[in-house]
Amino acid sequence: MIVLNPRRVAAVLLCTVAALVAASSAGQVAVHLTGHDHLYGFVPRFSLVEEANVPTWYSSAALLVCAVLLAIVARTEREAGSRFVLHWRVLAILFLGLSVDEAAALHELLIEPVRGALGAGGLFYFAWVVPALAALALLGLAYLPFLVHLPPRTRRLFLAAAATFVGGAVGAEMVGGAWVESRGFHNAGSALLWTVEESLEMVGVVVFVYALLRHLELRGGTVTIRVGSDDEPAARTGAATRNPRVFAVR
């Protein structure tokens, strides 16, 4: 049985992010200094500038982990009689959608139609950020009571995670859009901006995973991974017969 300690999980995830950023950066140095843009497949498979590769898989999986943890938190909040259960469930669904989008890049389908409709350029060159900003504003207003109700430490971590993730996914994307429109995509500056964007997104998710695990601890719970061959259900969440409660996922 493995207990998911928040600090250890965050440390492992941060090391993974650092390794992915280092691998991508090494590949980009090879591309822009030596002109070798393949290196036996290493560059495209580990580049933060490209899609459908190892960093994309990691990011999608990390967002899926957030969705699972949010579903577990929603279960515990329901058991505790919280009035914000729906908020947790909606967040779980949103992060499931983000996981799918990270793998399939569905948001990019909005770029051309929105750009054509608004004549967007500059910071809004990647025009999907326009509906994204509107959605974030509405989400922020809807979740303001939820944030106020959170324990102070959880609230601070949630806000830090959101600022880091949105700063990368939307903020850096806007700066990158203005750069690409004026300088083009295939250059060192563009690669640097995309590396910063993806790094901020991944770090933001790590902070959020840590925040969710810490929140479960505050509620008297832990998350464990059990590997066994007994006749119990293969996956369950809920309270164990002893304290603290154990949310088991096998």
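In this Cβ point-charge picture (+1 for Lys and Arg, -1 for Asp and Glu), the chain has a dipole of about 1260 debye about its Cα centre. Largest to smallest in accessible area, the residues Val73, Val31 fall in the order Val31, Val73 (1.4 Å probe, all protein chains included).
The Cα center of segment 208-222 and the Cα center of segment 78-117 differ in position by 21 Å. Of the residues Ala132, Ala142, Ala74, the one that moves most in a GNM of the chain with alpha-carbon contacts below 10 Å is Ala142.
With one equal scatterer per alpha carbon and no solvent term, the Debye-computed log10 I(q)/I(0) for the chain at 0.10, 0.17 1/Å reads -0.56, -1.31. Springs between Cα atoms under 10 Å define the GNM used for the chain, and in it the highest mean-square fluctuation of Ser24, Ser59, Ser82 occurs at Ser82. A 1.4 Å probe run over the protein chains yields, for the chain, 53 Å² of accessible area per residue, whole-number rounding.
Can you bin segment 1-45 into rounded, prolate or oblate? Criterion: square roots of the alpha carbon gyration tensor eigenvalues sorted a ≥ b ≥ c, rounded for a/c under 1.5, prolate for a/b above b/c, oblate for the rest. Since a/c reaches 1.5 and a/b is larger than b/c, the shape of segment 1-45 is classed as prolate.
Note down the net charge around Pro44, summing +1 for each Lys or Arg and -1 for each Asp or Glu among other residues with Cβ under 9 Å from its Cβ. Around Pro44, the charge tally is -1. In sequence order, segment 135-143 has phi-based couplings of 5, 5, 5, 5, 5, x, 5, 5, 9 Hz under the Karplus curve 6.51 cos²θ - 1.76 cosθ + 1.60, θ = phi - 60°, and Gly or Pro positions carry x. Across the protein chains, with a 1.4 Å probe defining accessible surface, the residues Met1, Met202, Met174 rank Met1, Met174, Met202 from largest area downward. Here segment 24-106 yields Rg over Rh of 1.26, to two decimals, using C-alpha coordinates and the Kirkwood radius. Could you work out what % of the accessible surface of the chain is carbon and sulfur, using a 1.4 angstrom probe and leaving DNA, RNA and ligands out of the count? The value for the chain is 68 percent carbon and sulfur by accessible area. Reducing segment 1-25 and segment 26-67 to their Cα centroids gives an inter-centroid distance of 17 Å. Name the residue, out of Leu109, Leu48, Leu69, whose mean-square fluctuation peaks in a Gaussian network model built on the chain with Cα pairs under 10 Å. Taking springs between Cα atoms under 10 Å, the residue moving most is Leu109.
Taking the chain as the reference, fit the longest principal axis to its C-alpha atoms, fit the long axis of helix 173-183 to the helix C-alpha atoms, and give the angle between the two in degrees, 0 to 90, nearest 10. The angle comes out near 10 degrees.
In segment 96-205, what is the volume of the convex hull around the alpha carbon atoms, normalised per residue and reported in Å³?
Spread over its residues, the Cα hull of segment 96-205 gives 107 Å³ apiece.
Shape of segment 14-162 from its Cα gyration tensor (a ≥ b ≥ c, root eigenvalues): rounded if a/c is under 1.5, otherwise prolate when a/b > b/c, or oblate? In terms of gyration-tensor shape, oblate.
The values are calculated or read from the model by the stated rules, or taken from the named source; none is laboratory data. Just so you know, these numbers come straight off a predicted model, no measurement behind them. Every residue, glycine among them, receives a Cβ derived from its backbone with ideal geometry; neighbour counts consider all protein chains shown. We work out accessible area using only protein heavy atoms, side chains counted, and drop any ligands, DNA or RNA first. Shrake-Rupley method; radii C 1.70, N 1.55, O 1.52, S 1.80 Å.
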